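For reference, the structure is listed below as structure tokens.
The values are calculated or read from the model by the stated rules, or taken from the named source; none is laboratory data. Please read these numbers as outputs of a predicted model, since none were measured by experiment. Counting neighbours? That spans all protein chains shown, and the Cβs are built from the backbone with ideal geometry, glycine included. Remember, those area values only see protein heavy atoms, side chains included, never the ligands or the DNA or RNA. Shrake-Rupley method; radii C 1.70, N 1.55, O 1.52, S 1.80 Å.
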Amino acid sequence: MTTIISSTSVRRGDGRASGAQLAAISQTVDTPDGPFTVLAREDGAVLSSGWSDDIGVMLERIRPADRPGETVAGTVEAMDAVRAYYDGELTAIDLVPVAQFGGPFRTHAWTVLRTIAAGRPVTYTEFAAASGRPSAVRAAASACATNAPALFVPCHRVLRTDGSLGGFAWGLDVKRSLLDREAALS
């Protein structure tokens, strides 16, 4: 089973959200799809990740109340899974812990995203149904759009109802590349 840490934010006495922390660790590696950056808590849980070497972009993917106060460059354990994924071990990303913060539907939807198998993409309609709200296709799409730890929570595996790619925060070229890689290796 996958590990996901998610909850709604609770305000602490200092006004910061309970999900916020003082510092996070960042690391960037080169991949066939471009630079890939992970921003993780000290316990290793991924807060944000994606195909950019811009830490500011990674921070923007996290709700303001849950953003770390600072980032420091370092070694992030999740990068081992990224390298393994790109070396063909598609399930390497499945057990990487993530930290996401949102309401009940989004946190459940993000958990459901982690159950979509590589090489077996689903439509937004199927994703909404699997998330327990078949008529909430827009809400399901919104959960994908606000998914900060990309790759580890594989929102790229969700397609439009007609089977076309739809959107992807990191660009349709990256989404197509990921789906093609997963189809070829599954």
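Here are the numbers for the structure shown:
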| read-out | value |
| --- | --- |
| Count of residues meeting criterion [over 13 Å from the mean Cα position of the chain (by Cα) and either closer than 15 Å to A169 by Cβ or surrounded by fewer than 18 Cβ atoms within 10 Å (Cβ to Cβ) (or both)] in region 61-91 | 17 |
| Test result for V38, surrounded by fewer than 16 Cβ atoms within 10 Å (Cβ to Cβ), of a type in the set (V, I, T) and touching a Ser or Thr at 6+ places or on another chain (Cβ under 8 Å) | no |
| Complete set of residues in region 139-186 that are in a helix (DSSP H, G or I) and of a type in the set (D, E) | D173, D180, E182 |
| Any chance V57 is within 16 Å of the chain's Cα centre (by Cα) and either open to solvent by 40 Å² or more (accessible area, probe 1.4 Å) or among the acidic types (D, E) (or both) | yes |
| Enumeration of residues in region 20-35 that are in contact with a Ser or Thr (Cβ under 9 Å, 6 or more places away or on another chain), crowded, with 18+ Cβ neighbours inside 10 Å and outside any strand (DSSP E or B) | A20, D33 |
| Residue satisfying condition, being of a type in the set (K, R) and within 16 Å of the chain's Cα centre (by Cα), within set R133, R114, R138 | R114 |
| Single condition T161 does not satisfy, out of (1) at pLDDT 95 or above; (2) surrounded by fewer than 17 Cβ atoms within 10 Å (Cβ to Cβ); (3) in contact with a strand residue (DSSP E or B) (Cβ under 7 Å, 6 or more places away or on another chain) | (1) |
| First in region 132-159 and of a type in the set (D, E, K, R), second anywhere and open to solvent by less than 10 Å² (accessible area, probe 1.4 Å) and part of a helix (DSSP H, G or I), Cβ under 8 Å, 6 or more apart | R133/A140; R157/L113; R157/E182 |
| Test set (1) open to solvent by 40 Å² or more (accessible area, probe 1.4 Å); (2) under 13 Å from the mean Cα position of the chain (by Cα) - D173 fails condition number | (2) |
| Region 92-106, subset in a helix (DSSP H, G or I) and within 14 Å of F152 (Cα to Cα), residue most open to solvent (accessible area, probe 1.4 Å) | A92 |
